[in-house]
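The structure under discussion appears below in the form of structure tokens.
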Amino acid sequence: MITPDDLTRISLFAQIPAGERRTIADHAADVVLNEDEWLLLEGQGAAFYGLLEGRIEVYKWLGRRNQCIAAYEPGEYFGEVPLLLGAPAIASLRAASKSRVMRLEPQEFLELVTKCHVLSGEISKTMMARVSRVRQWTIDSPPAMATVTGRELDVECYKLREFLMLNRIPFTWNDSGGEAASGPPVVELADGRTLVGPSLRDLARALELEVDPKLDSYDVVIVGGGPAGLAAAVYGASEGLCTLLLERFACGGQAGVSSRIENYLGFPAGLTGDELSARAYQQAGRLGAELLTARSVEAIEPAVAAGEPHTVVLDGGTRLSSRTVILATGVNWRRLDVPGIERLAGHGVYYGAARSEAMRFNGKRVHLVGGGNSAGQAAMYFASYASSVTLLVRGAKLADSMSQYLIDQLHTKSNVTIEMEACVVGVEGTDALEAIEVECGSSARRERRPSDGLFVFIGATPETGWLPPAVIRDQWDYLCTGRDVMDLLRERATDAWPLERDPYLFETSVPGVLAAGDVRHGSVKRVSAAVGEGSMAIAVTHQYLAELQASMPAAGGV
Ligand SMILES: Cc1cc2nc3c(=O)[nH]c(=O)nc-3n(C[C@H](O)[C@H](O)[C@H](O)COP(=O)(O)OP(=O)(O)OC[C@H]3O[C@@H](n4cnc5c(N)ncnc54)[C@H](O)[C@@H]3O)c2cc1C
């Protein structure tokens with residue numbers, strides 16, 4: 001319990017009358033922290049604190065790293081900046097040694113500031129000093145962690161830009177124009193190192209992203225870092241499982257490229273895919289999951305005998321063993337079947353949102369193919385850069401494929417045109433896209449349209465060909481789980497399922513190998529559904545591990 005005497009140790013309260021100290025003490029919480037325990041996390045609801053004993057360090061996410069930027073000693077107070085701005089916590093607070101802190105809830109703090117002029121003046125002065133310190137951190141931290149130099153239309157450069165953007169690495173782009181005509185892209189890092197034509201993994205390693213597993217064996221290996229995989233990582237790690245997540249490109253998956261997710265519960269103003277991925281990534285890491293980026297899983301070798309672990313083979317040949325595997329590999333954009341289009345991929349033709357490219361289309365003509373929400377969101381995003389955005393939709397009615405809120409938003413943009421019953425049937429361009437040919441209306445008349453960028457959103461397919469045949473799929477390559485496994489096996493007249501029990505919910509046709517999210521047969525293809533499936537897959541993982549444990553011969557017998 002905080003006493004008025006305790007409060008005299010905090011400089012701010014030493015100067016106020018004893019009666020007021022008593023009132024504050026009556027409303028304060030007495031928070032005792034062990035070494036390394038977090039008092040507050042960046043983004044949480046703020047509160048006001050005074051440090052009585054120990055030492056509190058201030059951590060802030062700058063670029064991709066959570067850096068210690070300051071520390072408080074006994075007698076200091078903090079938390080007033082976000083409270084007075086009505087914002088969430090702008091940094092995290094962690095006990096560097098065993099500490100004791102007094103905490104006032106926002107309402108108590110605001111009352112204090114309103115009623116006591118002495119405190120109010122003092123707190124305002126401190127706040128001004130701290131705001132200018134935050135400004136200085138921002139100025140001092142390098143605006144870019146990398147500079148990419150290369151030819152604008154080089155596919156390798158595009159890949160590097162997209163990789164950096166989706167991994168939230170601040171970077172600058174330097175178009176070498178015609179000069180370095182055939183050279184590979186060059187990446188200069190903020191610390192002066194230069195990488196010539198780096199692979200994504202080399203670049204990730206140079207930027208200190210985790211790329212190598214720390215252990216040889218895990219309780220659960222999650223393949224794919226979209227919403228399903230990240231949710232599984234959060235739940236797996238928080239429930240004490242030794243958890244590894246492997247993501248081949250950037251955590252966030254499809255959701256990471258979404259410019260605004262409006263229908264995710266708890267975010268009334270919507271949130272960007274980038275925010276969702278960053279938060280989930282930080283959350284999973286903080287809870288103890290190992291998260292590797294730029295690592296692809298190339299094969300799964302199912303356990304040879306009941307109770308044995310599965311083997312997971314990574315790119316480069318690294319082999320890991322894991323008692324369970326969760327496949328959360330999502331889906332990839334379907335390719336547009338038009339002659340010559342693959343030659344222009346990355347040279348004006350893109351699959352998916354390619355947010356890193358939006359600025360390059362400033363003042364240019366952009367065409368988007370597809371009538372789903374992803375195409376609608378991308379049209380909204382490009383509308384802020386391009387001079388004209390044309391959405392080409394094959395169907396006759398947009399409401400059949402797109403949510404009404406997006407249709408309404410698109411109608412407010414004067415530079416967005418929606419064309420129904422329109423199909424792209426041709427592309428033109430030597431080094432880069434110059435024009436598209438569109439087949440319009442029921443008469444199927446063909447028109448040539450000059451175009452600087454064509455973005456394709458025509459549905460997606462799962463990429464599951466790398467999995468062993470024992471993991472059965474439906475006719476579209478989605479992974480069958482639970483009851484669907486038995487139904488499909490019956491249909492195919494095989495009895496490949498090896499156990500007496502039926503597969504658990506989310507369990508594939510290989511015991512202990514689960515699937516969650518968009519890659520699963522019958523999945524709903526929504527962020528919230530993927531998150532739900534990822535977290536439920538962990539519940540099933542526990543069930544499977546308990547079964548394994550129960551089937552082990554009892555140790556220590558005579
Ligand atoms: C532009 C866009 C906007 C969207 N907007 C919304 C919206 O507003 N609301 C909504 O509810 N839904 C939306 N969706 C759908 C939603 O994003 C998906 O349903 C959701 O992301 C599916 O999550 P997932 O984890 O199953 O798969 P994904 O998000 O596809 O993630 C799978 C991940 O696995 C990785 N991976 C694949 N294979 C391997 C491998 N072999 N090794 C390692 N990693 C691998 C991929 O790189 C990817 O990161 C949108 C989708 C898009 C594309």
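A short reminder: the numbers here are calculations on the coordinates, not readings from a lab. In this text, all values refer to a predicted model and were calculated from it rather than measured experimentally. Here Cβ is always computed from backbone atoms with ideal geometry, including for glycine, and neighbour counts include all displayed protein chains.
Label-point separation (nm) for Met552 and Cys440, each offset 7 Å from Cα along Cα-to-Cβ?
Result: 6.9 nm between the two label points.
If Lys and Arg each add +1 and Asp and Glu each add -1, what is the summed charge of the other residues whose beta carbon sits under 11 Å from the beta carbon of Ile472? Display every interim value, and only then the final one.
Numbers: positive: Arg473, Arg492; negative: Asp474, Asp477, Asp484, Asp487, Glu491.
Once all neighbours under 11 Å are counted, the net charge is -3.
Pick out, from Gly482, Met552, Ser176, the residue whose Cα sits farthest towards the positive end of the charge dipole of the chain, with +1 on the Cβ of Lys and Arg and -1 on the Cβ of Asp and Glu.
Farthest towards the positive end: Ser176.
By what distance, in whole Å, do the Cα atoms of region 342-459 stretch along each of the three principal axes, largest value first?
So the three principal-axis extents are 38, 35, 25 Å.
Mean shadow of region 146-206, computed from the convex hull of its alpha carbons, in nm²? If you can, show how the numbers build up before the last one.
Details: hull surface 14.9 nm².
Projected area, direction-averaged: 3.7 nm².
Compute the distance in nm between two label points, each set 7 Å from the Cα along the Cα-to-Cβ direction, one at Val304 and one at Gln67.
Going by the 7 Å Cα→Cβ label model, 5.0 nm.
Assign unit charges at the C-beta atoms only (+1 for Lys and Arg, -1 for Asp and Glu), then state the dipole size of the chain relative to its Cα centre in Debye, rounded to the nearest 20. Write down the numbers at each step before the final one.
Working: 53 positive and 70 negative charges, 192 e Å.
Using only the charged Cβ atoms, the result is roughly 920 debye.
Just for region 146-206, what percent of DSSP beta bridges are antiparallel, to the closest 5? The partial results should precede the final answer.
Values: 7 of 12 bridges.
Percent antiparallel among DSSP bridges in region 146-206 is about 60.
Between Glu111 and Glu447, 0.36 nm times their residue separation minus their Cα-Cα distance comes to what? Show your work: numbers first, answer last.
Working: separation 336, 0.36 × 336 = 120.96 nm, distance 6.74 nm.
Stretched fully, the Glu111-Glu447 segment lengthens by 114.2 nm.
From the residues Gly288, Tyr405, Met128, which one has its Cα farthest along the dipole of the chain in the positive direction, the dipole being from +1 and -1 charges on Cβ of Lys/Arg and Asp/Glu about the Cα centre?
Of the options given, the answer is Met128.
At 222 nm, what value in deg cm²/dmol follows for the chain if DSSP H runs of at least 4 each add -39500 (n - 2.57) and the sum is divided by all its residues, to the nearest 500?
Working: 15 runs with 159 residues, N = 558.
That calculation yields -8500 deg cm²/dmol at 222 nm.
Which listed residue (Pro4, Phe78, Leu110) has the Cα farthest towards the positive end of the charge dipole for region 1-114, taking +1 on Lys and Arg C-beta and -1 on Asp and Glu C-beta about the Cα centre?
So the residue we want is Phe78.
Exposure proxy check: Leu392, Leu410 ranked by fewest other beta carbons within 10 Å?
Working: Leu392 25, Leu410 21.
Ascending Cβ contact count within 10 Å gives the list Leu410, Leu392.
Starting from 0.36 nm per residue, how many nanometres of slack lie between Ala269 and Glu53 once their C-alpha separation is accounted for?
Values: separation 216, 0.36 × 216 = 77.76 nm, distance 3.99 nm.
Separation in residues times 0.36 nm, less the Cα-Cα distance, equals 73.8 nm.
Once the Cβ-Cβ distance between Arg343 and Lys159 is put in as r, and R0 is 22 Å, what FRET efficiency do you end up with, to the nearest 0.05? List each step's numbers first, then the result.
Details: r = 17 Å, r/R0 = 0.76.
Taking R0 as 22 Å, the efficiency between Arg343 and Lys159 is 0.85.
Can you check how the C-alpha radius of gyration of region 4-140 compares to 2.2 N^0.38 Å, as a plain ratio? Each step should come with its number before you reach the end.
Values: Rg = 14.5 Å, N = 137, 2.2 N^0.38 = 14.3 Å.
Expressed relative to 2.2 N^0.38 Å, the Cα Rg reads 1.02.
Multiply the residue separation of Arg135 and Thr417 by 0.36 nm, subtract the distance between their alpha-carbon atoms, and state the gained length in nm to one decimal. Could the numbers behind the result be given before it?
Working: separation 282, 0.36 × 282 = 101.52 nm, distance 4.16 nm.
Contour length minus Cα-Cα distance gives 97.4 nm.
Within 12 Å, Cβ to Cβ, of Ser120, how many net charges do the neighbouring residues add up to if Lys/Arg are +1 and Asp/Glu are -1? Display every interim value, and only then the final one.
Values: positive: Lys115, Lys125; negative: Glu80, Glu111, Glu122.
Spelling it out: positives minus negatives among the neighbours equals -1.
Around Pro198, with a cut-off of 10 angstrom between Cβ atoms, what is the net charge of the other residues, counting Lys and Arg +1 and Asp and Glu -1? Walk me through the numbers on the way to the answer.
Numbers: positive: Arg201, Arg205; negative: Glu156, Asp202.
Around Pro198, the charge tally is 0.
To the nearest 0.05, what FRET efficiency results for Val425 and Glu76 with a Förster distance of 60 Å applied to their C-beta separation? The partial results should precede the final answer.
Values: r = 68 Å, r/R0 = 1.14.
Efficiency for this residue pair is about 0.30.
For the pair Asp487 and Tyr405, how long in nm is the line joining their label points, each one 7 Å along Cα→Cβ?
Roughly 3.1 nm, to one decimal.
Under 29 Å Cα-Cα from Lys525, which lysines qualify once same-chain neighbours fewer than 8 residues away are excluded?
Lys159, Lys397, Lys413
How long are the semi-axes of the equivalent ellipsoid of the chain, defined as square roots of 5 times the Cα gyration tensor eigenvalues? Whole Å, largest first.
Details: eigenvalues 404, 243, 107 Å².
Calculated on Cα positions only, the semi-axes equal 45, 35, 23 Å.
What ranking do Ile16, Ile24 get, fewest neighbouring Cβ atoms within 10 angstrom at the top? Write out the running numbers ahead of the final one.
Numbers: Ile16 18, Ile24 24.
Listed from fewest to most nearby Cβ atoms, that is Ile16, Ile24.
So if R0 is 35 Å, what FRET efficiency would Glu463 and Ala539 give, r being the distance between their Cβ atoms, rounded to the nearest 0.05?
Taking R0 as 35 Å, the efficiency between Glu463 and Ala539 is 0.85.
Scan region 168-231 for GluC sites (Glu not before Pro) in coil per DSSP, keeping those whose Cβ has at most 15 other Cβ atoms within 10 Å, and list them by number. Present the calculation step by step, with values, prior to reporting the outcome.
Details: sites: Glu179, Glu188, Glu208, Glu210; in loops: Glu179, Glu208, Glu210.
Passing sites in region 168-231 are Glu179, Glu208.
Over the residues of region 66-197, compute the C-alpha Rg and express it relative to 2.2 N^0.38 Å.
Values: Rg = 22.6 Å, N = 132, 2.2 N^0.38 = 14.1 Å.
Compared with the compact-globule rule of thumb, region 66-197 sits at 1.60.
Once you sort the root eigenvalues of the Cα gyration tensor of region 290-362 as a ≥ b ≥ c, which label holds: rounded (a/c under 1.5), prolate (a/b larger than b/c) or oblate (the other case)?
Numbers: a/c = 3.38, a/b = 2.48, b/c = 1.36.
Cα axes put region 290-362 in the prolate bin.
For region 445-539, which chymotrypsin sites (Phe, Trp or Tyr not before Pro) are in a loop by DSSP, counting at most 11 other Cβ atoms within 10 Å?
Counting only loop positions with at most 11 other Cβ atoms within 10 Å, the chymotrypsin sites (Phe, Trp or Tyr not before Pro) in region 445-539 are Trp476.
List the trypsin sites (Lys or Arg not before Pro) in region 423-501 that DSSP assigns to loop (not H, G, I, E or B) and whose Cβ has at most 13 other Cβ atoms within 10 Å. Which are they? Walk me through the intermediate numbers first.
Numbers: sites: Arg445, Arg446, Arg448, Arg473, Arg483, Arg490, Arg492, Arg501; in loops: Arg492, Arg501.
Taking region 423-501 and a limit of 13 other Cβ atoms within 10 Å, the loop trypsin sites (Lys or Arg not before Pro) found are Arg492, Arg501.
Determine the dipole magnitude for region 342-459: charges of +1 sit on the beta-carbon of Lys and Arg, -1 on that of Asp and Glu, nothing else is charged, the reference point is the Cα centre, and the result goes in debye to the nearest 20. Numbers along the way, then the final one.
Values: 12 positive and 13 negative charges, 35 e Å.
Here the size comes out at about 160 debye.
Taking θ = phi - 60°, what integer Hz values does the Karplus form 6.51 cos²θ - 1.76 cosθ + 1.60 yield along region 401-417, in sequence order, with x for Gly and Pro?
Working through the residues one at a time gives 10, 10, 5, 4, 4, 6, 4, 4, 5, 4, 5, 7, 9, 6, 9, 9, 10 Hz.
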